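Taken together, the values in this text are just the output of simple stated rules run on the coordinates, not laboratory data. As the structure is a computational prediction, the values presented were derived from the model and not from experiment. Every residue, glycine as well, gets a Cβ built from its backbone with ideal geometry; the counts of neighbours run over all protein chains shown.
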Amino acid sequence: MMSLRRGVTLVELLVTLAILGILASVTTTAARRIERPDPLAPATVLSDSVTAAIAQARVITIALPVGGKIVYAVALPSGAVVADSAFDVDAFTGRRNAR
């Protein structure tokens, strides 16, 4: 008669916990390397303004110094952006153009 094996052995449990520990340490060290964007960078200001324009359902005008001159952008409640070419953003999405 063959008996059914139920449960797990202690070795299987220890191997599983060791693998989970290694994965957790790799994930933690990778997450620490993520750089935070500069809150005063034009792209960050524009992104935050688009989010606020959508949330508040109003037009937001932005004026920022870029490269020694003042550039303007308008964030619309639809999520669209009308901006100076110095921002280098897509008018429909408000995201930076691919280079």
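Would a scan of segment 22-41 turn up a residue that is in contact with an Asp or Glu (Cβ under 9 Å, 6 or more places away or on another chain) and on the phi < 0 side of the Ramachandran plot? Checked segment 22-41: at least one residue is in contact with an Asp or Glu (Cβ under 9 Å, 6 or more places away or on another chain) and on the phi < 0 side of the Ramachandran plot.
For segment 59-71, filtering for residues that are surrounded by 12 or more Cβ atoms within 10 Å (Cβ to Cβ) and over 24 Å from the mean Cα position of the chain (by Cα) leaves 1.
Any chance segment 2-9 includes a residue that's out of contact with any Pro (no Cβ under 7 Å at 6 or more places or on another chain) and in contact (Cβ under 8 Å) with a residue 24 or more places away in the chain? Checked against the condition, which is being out of contact with any Pro (no Cβ under 7 Å at 6 or more places or on another chain) and in contact (Cβ under 8 Å) with a residue 24 or more places away in the chain, segment 2-9 yields no hits at all.
Residues checked against (1) surrounded by fewer than 10 Cβ atoms within 10 Å (Cβ to Cβ); (2) within 15 Å of the chain's Cα centre (by Cα); (3) among the small types (G, A, S); (4) more than 30 Å from V71 (Cα to Cα):
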| position | (1), (2), (3), (4) |
| --- | --- |
| L4 | yes, no, no, yes |
| L10 | yes, no, no, yes |
| L13 | no, no, no, yes |
| A18 | no, no, yes, yes |
| T29 | yes, no, no, yes |
| E35 | yes, yes, no, no |
| L40 | yes, no, no, no |
| V50 | no, yes, no, no |
| A57 | yes, no, yes, no |
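The residue pairs whose first member lies in segment 60-89 and is touching a residue at least 60 places away in the same chain (Cβ under 8 Å) and farther than 13 Å from A41 by Cβ, whose second member is outside any strand (DSSP E or B) and of a type in the set (S, T, Y), and whose beta carbons are closer than 9 Å, counting only pairs six or more residues apart or on different chains, do not exist in this structure.
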